[in-house]
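The values are calculated or read from the model by the stated rules, or taken from the named source; none is laboratory data. The model shown is predicted, which means the values in this text are computed figures rather than measured ones. No Cβ is skipped: glycine too gets one built from the backbone with ideal geometry, and neighbour counts run over all protein chains shown. Remember, those area values only see protein heavy atoms, side chains included, never the ligands or the DNA or RNA. Shrake-Rupley method; radii C 1.70, N 1.55, O 1.52, S 1.80 Å.
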Amino acid sequence: MLQKQLTTTKFVQEEKSILSLQHIVKTFDGKRSVLDNIQFSVQHGEFALIEGKSGSGKSTFLNIVGLLDTPTKGDYFLDGKRLNTKRIHSFSRIRSERIGFIFQSYQLIEKLSVKDNILLPYLYMKNNIDSTVLQKMDEMLCRFNLLDMKNKEVALLSGGEKQRVAIARAIIKKADIIIADEPTGNLDAENSKIIVEEFKVLKEQNKAVIVVTHNPYYFTCADRNYTLDKGRLC
Ligand SMILES: Nc1ncnc2c1ncn2[C@@H]1O[C@H](COP(=O)(O)OP(=O)(O)OP(=O)(O)O)[C@@H](O)[C@H]1O
Ligand SMILES: [Mg+2]
């Protein structure tokens, strides 16, 4: 009876999860498992924070969560439906419309302007760049202290400025899953605070937010704290 109740409770939780990863294993060389039987789920409006030593597999994990890499084993559920992660090339629509990814290495196009980088996701979406989008971009650039740099080539920006452009690009679209890999690694205290406040708003907007960081500012808004160690998430 108790077992049945527990199974039912787990099922209800999985149903509510926007994302759920079950028994995820990742090995690059067929010998060492960088991720070893990971269980992870996140719900709408939930902020999950992940820590771990350098090389512990945080970026590997986020790449799998963000459908940029396939797990060696395990199941991936989105809105309660299992995705066949072997068909990762067919998920570009999900990635562009549902997921905002802030990369550790920014992944901006250096030759393009700040504005063109931020509007890049719209190239892959059905939505047009209308006046509402442009206004939203300007408001965001203003909050991020980047408005003066709107037409500047990204190659000419500092590391912290590039990082804020990468964040703006990830959150301007209406993605309901935000994944961030050390999003404030290159920011000073003032700009870190601005970004953490921005993440709090995303959570209030009912988005699922998954952040890898060591920055203590985030601890005040995290609903769940995980540590990745020896391939395990606990
Ligand atoms: N494409 C790859 N091919 C082979 N090994 C890889 C690959 N990507 C990551 N690894 C290895 O997997 C392990 C985890 O790497 P990962 O980048 O996920 O760590 P991390 O926790 O993000 O580290 P950091 O905090 O330094 O960013 C490392 O030992 C790394 O060398
Ligand atoms: Mg990393």
For this session: Scan region 13-37 and report the pairs whose first residue is on the phi < 0 side of the Ramachandran plot and whose second residue is modelled with pLDDT under 95 and assigned to a helix (DSSP H, G or I), with Cβ atoms within less than 8 Å and a gap of 6+ or a chain change.
Result: Ser20/Glu14
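Counting only residues that are out of contact with any Pro (no Cβ under 6 Å at 6 or more places or on another chain) and open to solvent by 10 Å² or more (accessible area, probe 1.4 Å), give me the strands (runs of 3 or more DSSP E) lying completely in region 124-234 with at least 3 of them.
Numbers: elements: 177-181, 208-212, 224-229.
Ranges flagged: 224-229.
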Problem set entry | Output for region 82-108, where each listed residue is surrounded by fewer than 12 Cβ atoms within 10 Å (Cβ to Cβ) and part of a helix (DSSP H, G or I) | Lys86, Arg87, His89, Ser90, Ser92, Arg93
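Kindly provide the set of residues from region 42-61 that are more than 13 Å from ligand 1 (Cβ to nearest atom), in a strand (DSSP E or B) and open to solvent by 20 Å² or more (accessible area, probe 1.4 Å), ordered by number. Break it down stepwise before answering.
Start the filter on region 42-61 by keeping residues that are more than 13 Å from ligand 1 (Cβ to nearest atom), which leaves 42-49.
Next cut, in a strand (DSSP E or B) only: 42-43, 47-49.
Within region 42-61, Gln43 is the sole residue that qualifies.
Considering every residue within region 139-157, establish whether at least one is touching a Gly at 6+ places or on another chain (Cβ under 6 Å) and more than 16 Å from ligand 1 (Cβ to nearest atom). Before you say what the answer is, go through the steps one by one.
Here is the first cut: in region 139-157, the residues touching a Gly at 6+ places or on another chain (Cβ under 6 Å) are none.
No, every residue in region 139-157 fails to be touching a Gly at 6+ places or on another chain (Cβ under 6 Å) and more than 16 Å from ligand 1 (Cβ to nearest atom).
Restricting to region 62-81, what's the tally of residues that are within 12 Å of Asp181 (Cβ to Cβ) and part of a loop (DSSP other than H, G, I, E, B)? Walk me through it before giving the result.
Let us first name the residues in region 62-81 that are within 12 Å of Asp181 (Cβ to Cβ), namely 62-63, 65-66, 68.
Cutting the leftovers down to part of a loop (DSSP other than H, G, I, E, B) gives us 66, 68.
The total comes to 2.
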Seminar exercise, completed: Filtering region 201-221 down to residues that are away from ligand 2 (no atom under 16 Å from the Cβ), under 14 Å from the mean Cα position of the chain (by Cα) and in contact (Cβ under 8 Å) with a residue 40 or more places away in the chain yields Lys203, Lys207, Ala208, Val209
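Output the residues belonging to region 134-149 that are aliphatic (A, V, I, L, M) and under 12 Å from Arg169 (Cβ atoms).
Those that are aliphatic (A, V, I, L, M) and under 12 Å from Arg169 (Cβ atoms): Met137, Met140, Leu141, Leu146.
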